[in-house]
Amino acid sequence: MLNPANQERLSKIKPRGTTVTDEQKRLRARLINQQKNLDLLNLENPRRLKRVLERQELNELLEEVGVKRFGVTEISKEEVFLVSESDRFVNSKVIVLVTKQDYSRMNSAPSLESATEILHAYAEAGDKTLKLTSKLKSLGYDVWGHHPLGDRFDNHFLLFSPLAYKAGLGEKGRTGLFIDFKFGSLVRLSAISINAEIEIDQPIDRGISAFCARCKYCVGNCPVSAITNRDYPFPLQVIPSVDYKIDFDRCFKYFEKHFACSLCTVKCVLNQPTVDEIEKRVKRIENWYTNWVLPTLTIKSEQNGIQVDVISD
Ligand code: SF4
Ligand code: SF4
């Protein structure tokens, strides 16, 4: 996870080329507008307060605003970015939204085209977040919309990735980034926290983090060797608790001068052109994990007990 200083650096950068074209200027203006509108909306108090949101009703609302992939979980202290904001968000439920980036436009990364597509995905995620926040407010729910780029003062209140794992949407990859079970690694996240009773989803371990311990394909594709090549020799079943981290300083120096880089996500093997192909690969990994990895570990565990070697980069 990024510490507050790195988060601030990341939120302030303007990757080279991102204000060059008219399309990018339009997208930037759209993003700033979304942030302003969301900030105003967040300060509004609902006129009547509704305390229960049925999943069926939520599904329909999400469909209305064009969200194809989402999960619901509860916020704990670890997922609140600013400790001073813990009281406001801890124990609230949160709806995490996943927006897919366009593979064909990202495939040229790092480039002007991929940098534009990143802005485009942020704008799409921002639109959905704004629309859903507005809908839920108008229905009487106490909600707070979290724009994918933070508020207009660059404040980020929630850590989206760990919330997305907890909501059963995917797992953490060797790149330190979230990998969605359906859309793969080329995604952007946003969220709406809500103070209401609502059925939550559970985290799922389908073996992606365990697979990343072996795969390493992204490692060789990082131009500045920011992704660790280390082996993870401890029992695979503890891998989901491992905090994969990259060398942020190396990444950052390249990232800010090269169109927000993104090579590691574009080259990830769980990021191929179609959703069907990603699903097939995730299914294959899950079969390997369920049929070959987990049974071996159970036997070892019964015989010797598991020695947990916790790795922290
Ligand atoms: S964004 Fe680029 S520099 Fe950063 S880790 Fe990924 S490939 Fe490396
Ligand atoms: S390329 Fe392989 S190791 Fe890297 S994030 Fe993707 S699946 Fe994991």
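The values are calculated or read from the model by the stated rules, or taken from the named source; none is laboratory data. Since the model is a prediction, treat every value here as computed from it, not as a measurement. Cβ: placed from backbone, ideal geometry, glycine included. Neighbour counts: every protein chain shown.
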Worksheet item: Among the residues of the range 215-231, which ones are more than 10 Å from ligand 2 (Cβ to nearest atom) and among the hydrophobic types (A, V, I, L, M, F, W, C)?
Response: Val224, Ala226
Worksheet item: Looking at the range 243-265, is at least one residue under 20 Å from Ser209 (Cβ atoms), more than 16 Å from ligand 1 (Cβ to nearest atom) and either under 17 Å from the mean Cα position of the chain (by Cα) or at pLDDT below 90 (or both)?
Response: no
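Whether any residue in the range 210-227 is more than 16 Å from ligand 1 (Cβ to nearest atom), at pLDDT 90 or above and of a type outside the set (Ser, Thr, Tyr) is what I want to check. Break it down into steps so the answer makes sense when it comes.
Residues of the range 210-227 more than 16 Å from ligand 1 (Cβ to nearest atom): 210-211, 213-214.
Keeping just the survivors that are at pLDDT 90 or above gives 211.
With of a type outside the set (Ser, Thr, Tyr) added as a condition, the list becomes 211.
Yes, the range 210-227 contains a residue that is more than 16 Å from ligand 1 (Cβ to nearest atom), at pLDDT 90 or above and of a type outside the set (Ser, Thr, Tyr).
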Worksheet entry | Test: Ile285 is assigned to a helix (DSSP H, G or I), surrounded by 13 or more Cβ atoms within 10 Å (Cβ to Cβ) and either within 14 Å of ligand 1 (Cβ to nearest atom) or modelled with pLDDT of 90 or more (or both) | yes
Worksheet item: Mind checking which residues of the range 28-74 are in contact with a Phe, Trp or Tyr (Cβ under 7 Å, 6 or more places away or on another chain), in a loop (DSSP other than H, G, I, E, B) and not basic (Lys, Arg)?
Response: Pro46, Leu53
Worksheet item: Just wondering, is there one or more residues in the range 201-209 that are among the hydrophobic types (A, V, I, L, M, F, W, C), within 12 Å of ligand 2 (Cβ to nearest atom), at pLDDT below 95 and within 16 Å of Thr265 (Cα to Cα)?
Response: yes
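Every residue, every condition in (1) in contact with a strand residue (DSSP E or B) (Cβ under 7 Å, 6 or more places away or on another chain); (2) farther than 17 Å from Ala260 by Cβ, yes or no:
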position	(1), (2)
Glu63	no, yes
Leu82	no, yes
Val90	yes, yes
Val98	yes, yes
Ala109	no, no
Glu124	yes, no
Leu159	no, yes
Gly168	yes, yes
Gly176	yes, no
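In the range 252-268, what residues are within 14 Å of ligand 2 (Cβ to nearest atom) and either surrounded by fewer than 17 Cβ atoms within 10 Å (Cβ to Cβ) or not in a loop (DSSP other than H, G, I, E, B) (or both)? Lay out the reasoning, then the answer.
Here is the first cut: in the range 252-268, the ones within 14 Å of ligand 2 (Cβ to nearest atom) are 262-268.
Passing the criteria: Leu263, Cys264, Thr265, Val266, Lys267.
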